[in-house]
Amino acid sequence: MTPSPQTKSKRKPAWLAKTELERGLAGGRCPVCWSLRRSARRYIFSFLYEGMMSGSARETFLKGGGFCREHFWQAKAIEAECWADGFGIAILCENLLDRSLNDVKQIPDSKPEKKPSLLRIPTRPARRPAVLGLIPRSGCTVCAVLRESENHYLAVLEELLEDTDFSQRYQSSAGLCFYHLQVAAGQWQSSVALRLVKSTADGVVRQLIAELREFQRKHDYQYTSEPRGPEWTSPERAIEFLVGPMAELAGFADLMPTRKQDR
Ligand SMILES: [Zn+2]
Ligand SMILES: [Zn+2]
């Protein structure tokens with residue numbers, strides 16, 4: 001599941017990435033956000049299906065404090081949709097909670113010592129040291145995979161934008177979200193690719209602003225009888241451009257269409 005840019009099969013992942021990016025473009029989404037969401041669902045599905053049976057994979061999961069909030073809820077939704085009688089999440093939660101008992105024990109009962117102030121300036125009470133190893137959730141394995149995948153998708157996209165056909169399709173799409181635009185700007189070398197994503201973003205933002213204004217205008221009592229147009233979804237599209245898509249908690253059935261009854 002962990003892609004390595006230096007592997008022999010470099011061509012294949014680039015081809016797969018191209019397919020995913022194109023599907024994202026065609027669906028009117030940020031192609032990188034779209035591809036990463038698909039990577040996340042495939043990774044979580046595969047972890048629940050067989051990865052968690054491996055002792056080392058389970059240990060990495062537990063040491064990282066489990067999945068982050070978004071990916072834990074997504075894992076629960078994937079399990080509910082793909083295996084009616086699944087109980088993998090229950091096992092993982094039990095394992096995590098077992099470990100958390102030890103963490104809870106480590107919380108000191110006594111007040112932390114206050115540092116004396118030589119100048120009699122009021123000081124803040126000393127903070128108790130963090131002892132809850134599971135709380136930071138910084139070790140979410142899905143997030144780790146996505147960080148690698150993000151670089152891969154962006155690198156493939158940079159290359160694709162040098163292709164006339166692809167760049168034309170890109171220009172008539174929703175383009176990269178604001179976050180991925182910034183990441184691309186920090187990483188890409190190709191001025192052709194950068195010019196393209198910048199000019200597309202400029203057009204997308206201007207269009208969104210116009211639609212948001214139209215949305216507001218139609219809320220004025222004088223115009224409320226006017227039919228609703230595409231501007232009606234502009235707040236959702238604007239949020240998606242600014243911060244990325246909403247967390248996905250349904251639509252996982254396609255992950256394992258023919259082996260759904262196996263578990
Ligand atoms: Zn994005
Ligand atoms: Zn995560």
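The values are calculated or read from the model by the stated rules, or taken from the named source; none is laboratory data. Because the structure is predicted, anything quoted here is derived from the model rather than measured. Neighbour counts run over all protein chains shown; Cβ positions are idealised from the backbone, glycine included. Ligands, DNA and RNA are excluded from the accessible area calculation, which covers all protein heavy atoms including side chains. Shrake-Rupley method; radii C 1.70, N 1.55, O 1.52, S 1.80 Å.
Within 10 Å, count the other beta carbons around each residue, average over each peptide in 19-26, 221-228, 169-176, 199-206, and list them highest first.
On the way: 19-26: 17.8, 221-228: 8.5, 169-176: 19.2, 199-206: 14.8.
Going by the mean number of other Cβ atoms within 10 Å, highest first, we get 169-176, 19-26, 199-206, 221-228.
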Dipole of segment 28-68 [Lys/Arg +1, Asp/Glu -1 at C-beta], most positive-end residue of V32, L62, F47:
V32
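Using the reciprocal of the averaged 1/r over all distinct C-alpha pairs, how large is the Kirkwood radius of segment 145-251 in Å?
One over the average 1/r among Cα pairs gives 15.6 Å for segment 145-251.
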Per residue, how many Å² of accessible area does segment 29-95 show with a 1.4 Å probe?
43
With the crude spin-label approximation of a point 7 Å out along Cα→Cβ, what separation in nm comes out for L212 versus R58?
4.8
Using a simple spin-label model with points 7 Å from Cα along the Cα→Cβ vector, what separation in nm is obtained for T233 and W15?
3.3
Extension gain S110-S199, at 0.36 nm per residue separation less the Cα-Cα distance, in nm?
26.1 nm
Quick one: pull the percent of accessible area on segment 169-263 belonging to carbon and sulfur, 1.4 Å probe, ligands and nucleic acids left out.
57
For V243 and C143, calculate 0.36 nm times their separation in residues minus their Cα-Cα distance, and state this gained length in nm to one decimal.
34.4 nm
